[in-house]
Amino acid sequence: MSARSKIVKPAGQLVDQTETAVAQAIFDLEQNVPELRADLRPLHLTAAKETVPLGTVLPVSRAAPTKPAKLYRIQVELGGSKKAIVVFVPVPQFKQFHKVQTRLTRELEKKFSDRHVLFVAQRRIMRKPTRRSRVKQMRPRSRTLTAVHDAILEDLVYPSEIVGKRTRVRVDGSKAIKVFLDSKDSTSLEYKLDTFSVVYKKLTGKEVAFEFQQPVLE
């Protein structure tokens, strides 16, 4: 077994340097850290195409892929020299993945010191059926655009929890969302708040500001 075995790509697609580096980092942890080995072994990497420029919106996939991606990596520009690597994990594996996510994030951010590392479950949005569409089964709520976007919010901020949300409608009709996180996680996650906002907008097209809930003084 080698680091290349961690990368699953369709036939004919080449592996780039970033994919190789991420796969090697995960493989090294799997081989050298006994407490992570069992949880990392089933994970694989499937990459998106090259770096996404600042200002580009990445839509969530609306079409079912030929095969479910094992691990899906995209790279997002945050401005300046800082970047974020967003790793997409299959929904069935996500809870199991949470067992090592905090440790894996820390180790990968040591390896890629100029990047923030975020993890999101890869979900598929099903289009709302129309009169002309022939729908053979009901659309699950978990596949609606709203449900998927809400789930992405929760994924991005893990292991913190969302304790409140506020939506403000501007004069032009656009919406600004403010998400409040558990204040107990402020020390470990405060440096990523801007990253959460940039990545969420690139994935969904929605503007969200993150902050920690202030304790209520009695």
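The values are calculated or read from the model by the stated rules, or taken from the named source; none is laboratory data. Nothing here was measured: the structure is a model prediction, and the numbers come from that model. Using ideal geometry, Cβ is built from the backbone for each residue, glycine included, and neighbour counts are taken over all protein chains shown.
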inquiry  = Filter the stretch 196-206 down to the residues that are in contact with a Phe, Trp or Tyr (Cβ under 9 Å, 6 or more places away or on another chain) and either modelled with pLDDT under 90 or under 22 Å from R141 (Cα atoms) (or both) and list them by number.
reply    = Y200, K206
query = Given the structure, is I85 part of a strand (DSSP E or B) and modelled with pLDDT under 65?
reply = no
query = In this structure, does S160 turn out to be in a loop (DSSP other than H, G, I, E, B) and surrounded by 15 or more Cβ atoms within 10 Å (Cβ to Cβ)?
reply = yes
ask   = Would a scan of the stretch 170-177 turn up a residue that is part of a helix (DSSP H, G or I) and among the polar types (S, T, N, Q)?
value = no
inquiry  = Return the pair list, or none, for Cβ contacts closer than 7 Å from residues in the stretch 146-157 that are touching a residue at least 60 places away in the same chain (Cβ under 8 Å) to residues that are exposed (fewer than 15 other Cβ atoms within 10 Å of the Cβ) and part of a helix (DSSP H, G or I), at least 6 apart or on different chains.
reply    = none
ask   = Residues in the stretch 9-22: is at least one at pLDDT below 60 and of a type in the set (D, E)?
value = no
Boolean, S113 is part of a loop (DSSP other than H, G, I, E, B) and either crowded, with 16+ Cβ neighbours inside 10 Å or at pLDDT 80 or above (or both) = yes
remark   = Of the residues in the stretch 145-191 that are over 25 Å from H98 (Cα atoms) and touching a Ser or Thr at 6+ places or on another chain (Cβ under 6 Å), the one that is modelled with the highest pLDDT is I177
ask   = Which pairs do you get when a residue that is farther than 20 Å from T105 by Cα, found in the stretch 1-26, comes within reach of a residue that is of a type in the set (G, A, S) and not in a helix (DSSP H, G or I), reach meaning Cβ atoms under 8 angstrom, with the pair 6+ apart or on two chains?
value = V8/A69; K9/A47; V15/A47; D16/A47
